[in-house]
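A.B. asks: This is the structure I have questions about; it appears just below.
Computed from the coordinates by the stated procedures, all read-outs in this text should not be read as laboratory data. Everything numeric in this text was worked out from a predicted model, so none of it was measured. Cβ coordinates were reconstructed from backbone atoms using ideal geometry, including for glycine residues, and neighbour counts include every protein chain displayed.
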Amino acid sequence: MLPEPGGFDSHTHMDIMGLPVDGVLAAARAAGLGRVVNVGCDLPSSRWSVARAGEYPEVYAAVAIHPNETSALDGARAQVLAEVSALAQAPKVVAIGETGLDYYRDWASPDVQREWFRAHIEIARRTGKALMIHDRDAHEDVLTILAETGPWPSYSVIFHCFSGDAAMAARCAEAGYVMSFAGNVTFKNADSLREAALVAPAELMLAETDAPYLTPVPHRGKPNSPAMTAYTIRYLADLKKLDVAEFCAQLQATGARVFAW
Ligand SMILES: [Zn+2]
């Protein structure tokens, strides 16, 4: 489905999909997706991501504690972060994520979330891995913390499932942060996200599924899967009036730069 068979899904959760990995990867390959980054949200899913990366050539891993999980784990913070840090050293771990701030859900207090976010930033900087950020209704605080903990090499910060508007995209572009767009950019009511995608420079963009969530049009309503990254890539190329093969080549160059695979 993609002209370049080396396309990839920069952020997915095959463990949450709960389907046999072989079948998910075969479907992805058939759609032109040669790699997927499976992202951890807690210790079990981070371990799962590292284990699958060891088994499947197409799978790469990101490890972290999701901001919504931080409160439940706060009593064992040092121990949990030590394991995240150890997992980060495993082969084919390409990012620390997803970490960040989620002010939409109140599962953890902003103070606790910010402390865990800073700790993950420290691990990313120390290990040289990309920082994969979950930012929900927390743009200002995320940007402030990144500025305080910078300067960053331009390739190290990725906003997963980018949710900002055009102004936020311009600020990210200015700082050299990478914006990864998910299937929700194809939704009818996503004008603000489309404006952001138009502002984002192609060389600072990635595409992802965040499967099993956010299935792109025309399959909205069904569970998402890495293969469907192909729809989002084509949609973004059309939106930005770019040749899809050239956009794929650009995404691959950015992926190689950010994930160093
Ligand atoms: Zn995710």
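A.B. asks: What is the spin-label model distance, in nm, from GLU55 to LEU19 if the labels are put 7 Å beyond Cα along the C-beta direction?
C.D. replies: 1.6 nm
A.B. asks: Could you pull out the trypsin sites (Lys or Arg not before Pro) across the range 82-153 that fall in loop regions by DSSP (anything but H, G, I, E, B) with no more than 15 other Cβ atoms inside 10 Å?
C.D. replies: Values: sites: LYS92, ARG105, ARG114, ARG118, ARG125, ARG126, LYS129, ARG136; in loops: LYS92, ARG105, LYS129.
Those that pass, being in a loop and sparsely packed, are ARG105.
A.B. asks: Check each of the chymotrypsin sites (Phe, Trp or Tyr not before Pro) in the range 6-113 and keep only those in coil by DSSP with at most 12 other C-beta atoms within 10 angstrom; list them in order.
C.D. replies: Details: sites: PHE8, TRP48, TYR60, TYR103, TYR104, TRP107; in loops: TYR103, TYR104, TRP107.
Within the range 6-113, the qualifying chymotrypsin sites (Phe, Trp or Tyr not before Pro) (loop, at most 12 other Cβ atoms within 10 Å) are TYR104.
A.B. asks: Any idea how far apart THR144 and LYS222 come out in nm if each label point goes 7 Å out from Cα toward Cβ?
C.D. replies: 4.4 nm
A.B. asks: Give me the number: length gained by fully extending ARG171 to GLN79, i.e. 0.36 nm times residue separation minus the C-alpha to C-alpha distance, one decimal in nm. Before the final figure, lay out the partial values.
C.D. replies: On the way: separation 92, 0.36 × 92 = 33.12 nm, distance 3.53 nm.
Additional length available on full extension: 29.6 nm.
A.B. asks: Ok, one more. Defining a contact as two alpha carbons under 8 Å apart and six or more residues distant in sequence, what relative contact order in percent does the chain show? If you can, show how the numbers build up before the last one.
C.D. replies: Numbers: 561 pairs, mean separation 53.9, N = 261.
For the chain, the relative contact order is 21 percent.
A.B. asks: Also, quick follow-up: Which value at 222 nm does the chain reach when only helices count, each DSSP H run of 4 or more adding -39,500 (n - 2.57), with the total divided by all residues and rounded to the nearest 500 deg cm²/dmol?
C.D. replies: On the way: 11 runs with 117 residues, N = 261.
Mean residue ellipticity at 222 nm (helix-derived): -13500 deg cm²/dmol.
A.B. asks: At ARG105 and ALA86, where each label point lies 7 Å from the Cα along Cα→Cβ, what is the point-to-point distance in nanometres?
C.D. replies: If labels sit at ARG105 and ALA86, their model points lie 2.7 nm apart.
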